[in-house]
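What follows draws every value from the coordinates through simple rules; no lab data is involved. Quick caveat: nothing in here was measured; it's all calculated off a predicted structure. Ideal geometry is used to build each Cβ from the backbone, glycine not excepted, and the neighbour counts take in all protein chains shown.
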Amino acid sequence: MSINVKYLGLTPYEPTWNAMKTFTFKRDNFTQDEIWITEHEAIYTLGLNRKDFKGPSRNDIPLLHVDRGGKITYHGRGQLIIYPLIDLKRYHLNIRSFVTLIEKSIIRFLSRRDILANAKIEAPGVYIGNKKVASLGLRIKNHATYHGLSMNIDMDLSPFEAIHPCGFNNLQMTQLKTYSTDTSIKNIGLEIANDIKDQLLHLKS
């Protein structure tokens with residue numbers, strides 16, 4: 001059984017979240033895994049870790065409480081979103097090893113463009129220097145994942161200044177546009193999603 005990679009284009013956040021939940025809750029042992037590639041209109045999302053939560057310092061962008069791990073983040077046009085809908089049991093993975101697999105795909109993508117990036121055990125995501133370029137937040141239901149990763153490509157980063165991204169004070173965000181002229185959401189999404197897919201299928205082989 002392979003993994004179906006789907007490019008969805010620009011989608012509204014909440015209906016896409018509901019579609020992920022429906023897919024995950026209805027799936028069985030024979031459901032093919034999927035990886036969705038998309039981009040959302042401007043929205044703040046707050047994950048299940050709401051300890052010491054402070055709301056955004058601006059009110060022109062909607063805030064939605066969601067069921068992924070992590071704290072608050074921002075999504076908007078020019079940011080790549082990848083949702084891996086994966087049965088971890090098939091690949092003998094736990095959540096931590098799957099997060100590491102995703103981080104490796106992003107780091108490899110950046111390395112191919114001569115951009116040195118790294119992951120941090122204590123703060124999941126991918127960083128260029130001390131600036132964060134990609135964030136991860138997942139949910140698991142019956143061994144299957146939904147939600148996923150966001151990677152800043154070519155966007156307005158100012159909405160991040162109104163929050164503590166991922167719960168960290170003074171965390172600076174960055175984006176691919178600062179380091180590369182390669183800013184196609186679709187092409188980058190397909191490249192990273194297929195790398196994730198290849199890693200997973202290699203684990204099964």
If you take every DSSP beta bridge whose two residues both sit in the chain, what share of them, in percent to the nearest 5, is antiparallel?
70
Computed over the Cα atoms of the range 1-158, what is the convex hull's projected area averaged over all directions, in nm²?
9.8
To make sure I understand, if each residue's beta carbon is the centre and we count other beta carbons within 10 Å, what order do T45, T181, T24, T100 fall in, fewest to most?
T181, T100, T24, T45
Computed magnitude of the charge dipole of the range 3-204 (debye, nearest 20; Cβ of K, R +1, Cβ of D, E -1):
520
Pick from H40, H92, H75: which is most flexible by mean-square fluctuation in a GNM of the chain where alpha carbon atoms under 10 Å apart are linked?
H92
Exposure proxy order (Cβ contacts within 10 Å, fewest to most) of E122, E39, E191:
E122, E191, E39
Past 30 Å, Cα to Cα: identify those pairs from K71/K204; K71/K186; K6/K177, in the order given.
K71/K204
